1. Got a number for residues in the stretch 205-220 being assigned to a helix (DSSP H, G or I), touching a helix residue (DSSP H, G or I) at 6+ places or on another chain (Cβ under 8 Å) and touching a residue at least 40 places away in the same chain (Cβ under 8 Å)?
2. Filter the stretch 250-274 for residues that are free of Cβ contacts under 8 Å to residues at least 24 places away in the same chain, part of a helix (DSSP H, G or I) and in contact with a helix residue (DSSP H, G or I) (Cβ under 7 Å, 6 or more places away or on another chain); which is surrounded by the most Cβ atoms within 10 Å (Cβ to Cβ)?
3. Checking the structure you have, find out if any residue of the stretch 275-288 is exposed (fewer than 15 other Cβ atoms within 10 Å of the Cβ) and in a helix (DSSP H, G or I).
4. Does the stretch 117-145 hold any residues that are in a loop (DSSP other than H, G, I, E, B), modelled with pLDDT of 95 or more and closer than 15 Å to residue 178 by Cβ, and which are they?
5. Let me confirm something: among 177, 185, 167, which residue is exposed (fewer than 14 other Cβ atoms within 10 Å of the Cβ) and part of a loop (DSSP other than H, G, I, E, B)?
6. When you look at residue 194, is it surrounded by 17 or more Cβ atoms within 10 Å (Cβ to Cβ) and modelled with pLDDT of 95 or more, yes or no?
7. Tally time: how many residues in the stretch 221-231 are part of a helix (DSSP H, G or I) and buried (at least 23 other Cβ atoms within 10 Å of the Cβ)?
8. Just one of (1) touching a residue at least 12 places away in the same chain (Cβ under 8 Å); (2) surrounded by fewer than 17 Cβ atoms within 10 Å (Cβ to Cβ); (3) in a helix (DSSP H, G or I) trips up residue 240, so point out which.
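The values are calculated or read from the model by the stated rules, or taken from the named source; none is laboratory data. Small disclaimer: the values here were computed from a predicted structure and weren't measured. Reconstructed Cβ throughout: ideal geometry from the backbone, glycine too, with neighbour counts over all protein chains shown.
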C-alpha cells in the first residue's frame, strides 16, 4: 500500500455524500459518486453544482475552478464502477444494518490495497471494520454538516487500523483544508457525544412543558450564544439521525442519561423528520417556518 490517493469513491449522494464529493473535487481528486438510483446521483450532483455556484457568487470560488471541479465528478451507476478507487467513503444513512450490507457488497469489488472509510457519526468503527475484508485499512472519517462550510473532521481508528491507513487518511483530510480532531472509538466519538445529549435534553424540556419550541431555541441562541437553537438544529440534522445517535449512546454506554426522549421517538414515528421531510419541530411548509408545538 503506497498511501497515495487519486480517485475517491463515495457511497451515498445525499447531504453528506454530496458535500464530501464537493470538497474532494475542489481539492483536485477524481470523484465517483454512487447511490441506489441514477436520480439520486443526479440530484446529488445538482446540489453540488448549486452550492459551488453560491460560492462563486459570494466570491469564495472562481468560476473556472467550479467548472474544473464539476468535471472531476462522475456518476457511478453500480458499485462495480468504484473498483479502481484508492479510497471509498461510505456516507449512507446512520443505520448499522445498511452500512454492513454496503461493505459486504463493496469490499470484494475493490483493489485489495484500497482504503475504506465510513462517515458514521456514532457507530463503532471496530465493529464496522470487522464486517470487511480489510480491518487494517478501515477508518472513520466523520465530516460535519454542511461539509463545504464546516472545518472540522473527526478521525477515528478501529482497533485494527494500521498506522499507514491513519496517516493516509490524515493527509487526505488535510488536503481538503479541514481541521482534524482525533477521537477514540467510543459511541458517538467527541462532537455527537456532547451535542446530541444537549439536543435530547432540549427535547425533554419541550416534552415536560418547561418552554415552547420558540422559547427554548431563543433561550439557547441569546442565552448561550448558539448560532442555531437546539430544536432548529435537530431539524437540520434530521430527527431520525438524532434518534439513531441517542440509541447508540444509550445502548453502548448503558447509562439512563442517554435515554432518547419519548417525544423524539414520537416525531420519528410520525415521519416528522425535520427539514428534509418538511416538518419536525418546525413546519417548513410555511414561510417562514412555524413551530409545530
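1. The first filter runs over the stretch 205-220 and keeps only residues assigned to a helix (DSSP H, G or I), leaving 205-207, 213-220.
Imposing the further condition that a residue be touching a helix residue (DSSP H, G or I) at 6+ places or on another chain (Cβ under 8 Å) reduces the set to 205-207, 213, 216-217, 220.
With the extra rule that they be touching a residue at least 40 places away in the same chain (Cβ under 8 Å), the set shrinks to 206-207, 213.
Looking only at that region, the number is 3.
2. 250
3. Checking the stretch 275-288: not a single residue is exposed (fewer than 15 other Cβ atoms within 10 Å of the Cβ) and in a helix (DSSP H, G or I).
4. 119, 144
5. Values: 185 fails: exposed (fewer than 14 other Cβ atoms within 10 Å of the Cβ); 167 fails: part of a loop (DSSP other than H, G, I, E, B).
Of the residues listed, the single one that is exposed (fewer than 14 other Cβ atoms within 10 Å of the Cβ) and part of a loop (DSSP other than H, G, I, E, B) is 177.
6. Values: surrounded by 17 or more Cβ atoms within 10 Å (Cβ to Cβ): no; modelled with pLDDT of 95 or more: yes.
For residue 194, the condition - surrounded by 17 or more Cβ atoms within 10 Å (Cβ to Cβ) and modelled with pLDDT of 95 or more - is not met.
7. First, pick out the residues of the stretch 221-231 that are part of a helix (DSSP H, G or I): 221-223, 230-231.
Narrowing the set further to residues that are buried (at least 23 other Cβ atoms within 10 Å of the Cβ) leaves 230-231.
The qualifying residues number 2.
8. Condition not satisfied by residue 240: (2).
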